[in-house]
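Working notes, structure below.
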Amino acid sequence: MKKTALLLLFIYSTFCVWSQSDSETINVTLFKGPDPLVDYPVQIILDLDSDDWGSDLLEVRTDQRGKVQIPLLPEYTSDTAICIPSLDQNPGKNFCMSIDYARPSGVELILAGSIQHSIRESLVSWLAISDAEYYKVEAYDLDEEFYKQENGGLFLFSNTRQHESYEIQRLKSLGNGVNEDSRVFTFQGTDTEFILPPNIIQNQRLAILISAYNKNDILLAQSPGFSPQQNNALGEDSIRFEFKIYGRDNSDVNFDIVSKNEDGEFEILEQFNTGTNPYLQIEKKSEWPQDVWINLYAHGYRSDGSRIRRNIKLNKLWGKTIRLNMQVNFTISLNEEGITWSKVHFADHYTVSVYRYKEAKRTRYIPLLVEYDVVDDRNEPFSTLTLANFRNLVELDSVVYEETLEDITEWSWPSELPRLNHYAVVVKSYSDDGMLTGLSLMKPWPLKTPTLSWDSNNYNKEAAAVSLNGIMMELHKTNSDTLPIYPLAHSKYESLRDRALGQDWGIHNEADLLNNLEGLKDGGTSSSMQNILSILKDESEGPLWKKALDEDFSLKQMRRLQSVLYHREFYDDRLLHAWDWGRATYLIRWGYSLGYISEDEAWKQLFQFQKMIQDEYKSWIDFGQSYVLGRYFWSLSYNTAAEKAQDAWDAFLVQFEKENSPWTGPWIDNDPQINVELWDLDSLLSLESEEEIFEWALDAEKKLNSYPDELESLLSNAPSGWDKHPQIVQMILESYERNQDHKGLIEFVSPYLESFPEYYPFYQILARVQEESSGIEEALHDLNQMDALSRESPENCYLKGRLLYLLKEPEEAIKFLRIAGAEENSDNWYHNNALYITGLIYVDNEDWGTACNLFADLNKRLPENPIYQYYYAVSLLLGSDPDYILIRNLLTDAEESGEVNVPSWIWARVETEYLENEIRVF
């Protein structure tokens, strides 16, 4: 970028400071106010007109007197320039002059600081400047052409030691449209606030300057020129951009307004430059498409040398101000103990932030180095909407650990933070006023996951515990020598968190994980196996399907029952703890990898399950075969058993082929393994005819759930003998019901009522259908058939009680509803419904006290249910001891739900009684 235009940013004079100056050097003297500016950089740029002038930059620094001598070298040309950085380190406001122009007499400059100001309506206020004796507030009337171009004036950060020419030079810095005669008013005083006169506020072309002077009338600091109407709302087709870098005003900013072409690529509509201002206001043009973006070039480069860019969509931002703070990126170096980095320019302090990746892209990430906010009032505090683009990788609001360091460029990993393999580390640098000035690359830490060593000749408890889920690790291609599930740069953490644990297991935190582990100790698949063994050991008379019905077996459980029945030599009488407890060890590692439990808790849980497994099984082979059997038994419910069993068996055998595998070593301590004969897996996977029937039934059930119209086609291809199993017939009946084919269902079920007269689910299904097609009495007749079967179950009692209530037989209904609504049935779906209908019966009988107790109980169980709220309120209102505040709250909540319309007479009574009660209390 050409820098010659920046000469106007500084007012300077060139005169002979040292008459005896050596012609081979140029003398530069810098002051800050009246004091020498010590150890301040002075830059020599070999070719100011070069687009890459920064690569040829030399720098020297002033001495204790604020002076520096610059030697004249042969390579200097007429394009070589001397540049003095502005006090606020804004590159756009550097003072640059040709070395030829400075050569005769040297340069003496006074650098002025900036005054931070704010304006609300007519009140202008600013921060006090150290050593300021007084302040000036001046307003200049700008001509219309200049105002449209510059919109309020330029920044001023220096003046000359020639005080007699100071005023003229300072006015020239504002532009050609300003002169001494254009000054509208001057205010001088010691206060740091000033109320603008009404006539000033209404003038849209004024530039106001605030200046601070010492007792010798030397300028110390000055504000940028600003308009008294700068806080007025922008037009609906305007946007104002304000730029900072390192938390300081940034001028000479290039940006583009772009749109997307048909290929989704950005194309430039118009290019802009802020010039010597740190802001620019643009107007939306009629030829621009609706969707446009600002394309901003950040102060950083990608690995291919291209500039990092930031795009912000503007569609909903017209009429607002976008404030952008740009930073530099810097690199952090990681080691085993922590991180280090180089000092960042203008940094007052650093913050080290540790996040967890929300996705699995555990990689370095180059930040986009722009944060921004969108405001209507530019005096609002800066509140960033984005921190680079890290939000795509981490949850910025869920920082795991954060520490602020004062002027330190190294950080040690805290002992209280476990060394997991999914942390993202970012270092941010801030200025003394809290603005972000730099942002490091995001890096994963620790550098590598600690591995567990193993010697097959010696027992290692930790390695053996991790290897208990070796079969599953092999199936999922996860690591077997670390406590975390995946190595550092793996890509499955998001699916692990959201699906594997979140969706499949309902695990979202430590409590969920520990509850699941507790359930696997005695429950899980083993509890299903326990029920099957109890049926098979039952020597009482009756068909197998009836015994399964007494245990409420589903179709899936019936498939498992068939497997155990025909392959008893594999199952024996032992439960499937290998599968449940092996999965528990995997859950522990999953939970630890996601940070749900600490490392200590993970080992504690692993060792508990390891001890249980070692007590029940004889060797790695014994445990592994039982694990495969458990996976086969579990997957029978999903009709994928053979495939899953074969995969698990192959993974089981691989464990003994791995070098230094714990499976080839001792089972417990250093005791040798007990030899166990390998099974014939093919024998387990070969199906008897009855098993094939249930395989067909499970497949048919799955298809009918998605394609109910396929019922007749499936029945035409059904294997012979399927209708000898009432559980399969029930599945077909439920398909008829979902299709609302009531006539077809009634015709289909008739012969099976005779074949299986004790299979009560047929009557429940028939009752539901009869209620819709033939009426309540027919439905009740079907339910009464169950009485002869001695099947007066609580569920059936609810169904009968509900029908009797609809038939307006409340006394009979309440007998059955009391059974269904008993406390021992509180975990069943019909329990609350039974209490609700019972409450309605008492409301009809105007037994307000009993009704109130019932609905109070229901409201306690389900406090958000508007129906329960309404009837609880009504029974309270009409009872003997109404609580009008509670009644009003209940009715209000019920009505606000939109599901209840409270009658006007109830509201009238409530309000009347409430007011009378308040008067009595008063």
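The values are calculated or read from the model by the stated rules, or taken from the named source; none is laboratory data. Remember, it's a predicted structure, so these values are computed and weren't measured experimentally. Cβ coordinates were reconstructed from backbone atoms using ideal geometry, including for glycine residues, and neighbour counts include every protein chain displayed. Areas reflect the complete protein model, heavy atoms only, side chains present, ligands, DNA and RNA absent. Shrake-Rupley method; radii C 1.70, N 1.55, O 1.52, S 1.80 Å.
Structure notes:
- Qualifying residue in the range 553-576 (condition: more than 27 Å from M472 (Cα to Cα) and not in a helix (DSSP H, G or I)): yes
- Qualifying residue in the range 535-544 (condition: in the same structural domain as S467 (by the TED database) and closer than 21 Å to W634 by Cβ): yes
- Residues in the range 173-192 that are among the hydroxyl-bearing types (S, T, Y) and either open to solvent by less than 90 Å² (accessible area, probe 1.4 Å) or at pLDDT below 70 (or both): S173, S182, T186, T192.
- Counted residues, the range 801-834 - those being more than 19 Å from N845 (Cα to Cα), hydrophobic (A, V, I, L, M, F, W, C) and touching a Pro at 6+ places or on another chain (Cβ under 9 Å): 3
- Residues that are of a type outside the set (S, T, Y) and not in a helix (DSSP H, G or I), drawn from the range 814-835: G821, A822, D827, N828, W829
- Tally of residues being open to solvent by 60 Å² or more (accessible area, probe 1.4 Å), more than 16 Å from L561 (Cβ to Cβ) and assigned to a loop (DSSP other than H, G, I, E, B) across the range 520-539: 1
- Helices (runs of 4 or more DSSP H) within the range 729-791 that include 1 or more residues modelled with pLDDT of 85 or more and closer than 22 Å to W696 by Cα: 742-755, 761-773
- Within the range 755-765, the set of residues being more than 16 Å from D550 (Cβ to Cβ) and open to solvent by 40 Å² or more (accessible area, probe 1.4 Å) comprises S755 only.
- Cβ pairs under 8 Å, 6+ apart, first in the range 855-883 and among the β-branched types (V, I, T), second crowded, with 23+ Cβ neighbours inside 10 Å: I867/A894
- Unique match (being assigned to a helix (DSSP H, G or I), open to solvent by less than 50 Å² (accessible area, probe 1.4 Å) and either modelled with pLDDT of 90 or more or out of contact with any Leu (no Cβ under 6 Å at 6 or more places or on another chain) (or both)) among L803, L858: L858
- Conditions (1) more than 23 Å from Q557 (Cβ to Cβ); (2) in contact with a Leu (Cβ under 8 Å, 6 or more places away or on another chain); (3) free of Cβ contacts under 8 Å to residues at least 24 places away in the same chain; number of the one not met by N717: (2)
- Of residues in the range 246-280 being out of contact with any Leu (no Cβ under 9 Å at 6 or more places or on another chain) and aliphatic (A, V, I, L, M), the one surrounded by the fewest Cβ atoms within 10 Å (Cβ to Cβ): I268
- Residue match in the range 281-293 (condition: open to solvent by 60 Å² or more (accessible area, probe 1.4 Å), at pLDDT 80 or above and under 26 Å from L436 (Cα atoms)): yes
- Helices (runs of 4 or more DSSP H) lying entirely in the range 586-692 (those with 3 or more residues that are more than 37 Å from the chain's Cα centre (by Cα) and surrounded by fewer than 21 Cβ atoms within 10 Å (Cβ to Cβ)): 599-616, 641-654, 681-685
- Residue ID - most open to solvent (accessible area, probe 1.4 Å), chosen from residues in the range 715-740 that are of a type outside the set (S, T, N, Q) and under 47 Å from the mean Cα position of the chain (by Cα): R738
- Tally, over the range 526-577, of residues that are under 26 Å from W620 (Cα atoms) and of a type in the set (S, T, N, Q): 5
- Residues satisfying the criterion are absent from the range 589-612 (criterion: among the aliphatic types (A, V, I, L, M) and within 30 Å of A700 (Cα to Cα)).
- Counted residues, the range 459-483 - those being closer than 16 Å to G665 by Cα and polar (S, T, N, Q): 4
Residue-by-condition table, conditions (1) within 30 Å of V328 (Cα to Cα); (2) among the polar types (S, T, N, Q); (3) part of a loop (DSSP other than H, G, I, E, B); (4) modelled with pLDDT under 65:
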position	(1), (2), (3), (4)
K2	yes, no, yes, yes
L6	yes, no, no, yes
F15	no, no, yes, yes
F31	yes, no, no, no
I44	yes, no, no, no
D51	yes, no, yes, yes
I70	yes, no, no, no
I82	yes, no, no, no
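- Residues (open to solvent by less than 60 Å² (accessible area, probe 1.4 Å) and not acidic (D, E)) located in the range 70-89: I70, L72, Y76, T80, A81, I82, C83, I84, P85, S86, L87, Q89
- Residue in the range 744-754 that is among the charged types (D, E, K, R) and open to solvent by 70 Å² or more (accessible area, probe 1.4 Å) present: yes
- Among the residues of the range 422-440, the ones that are modelled with pLDDT under 80, assigned to a loop (DSSP other than H, G, I, E, B) and open to solvent by less than 10 Å² (accessible area, probe 1.4 Å) come to 1 in all.
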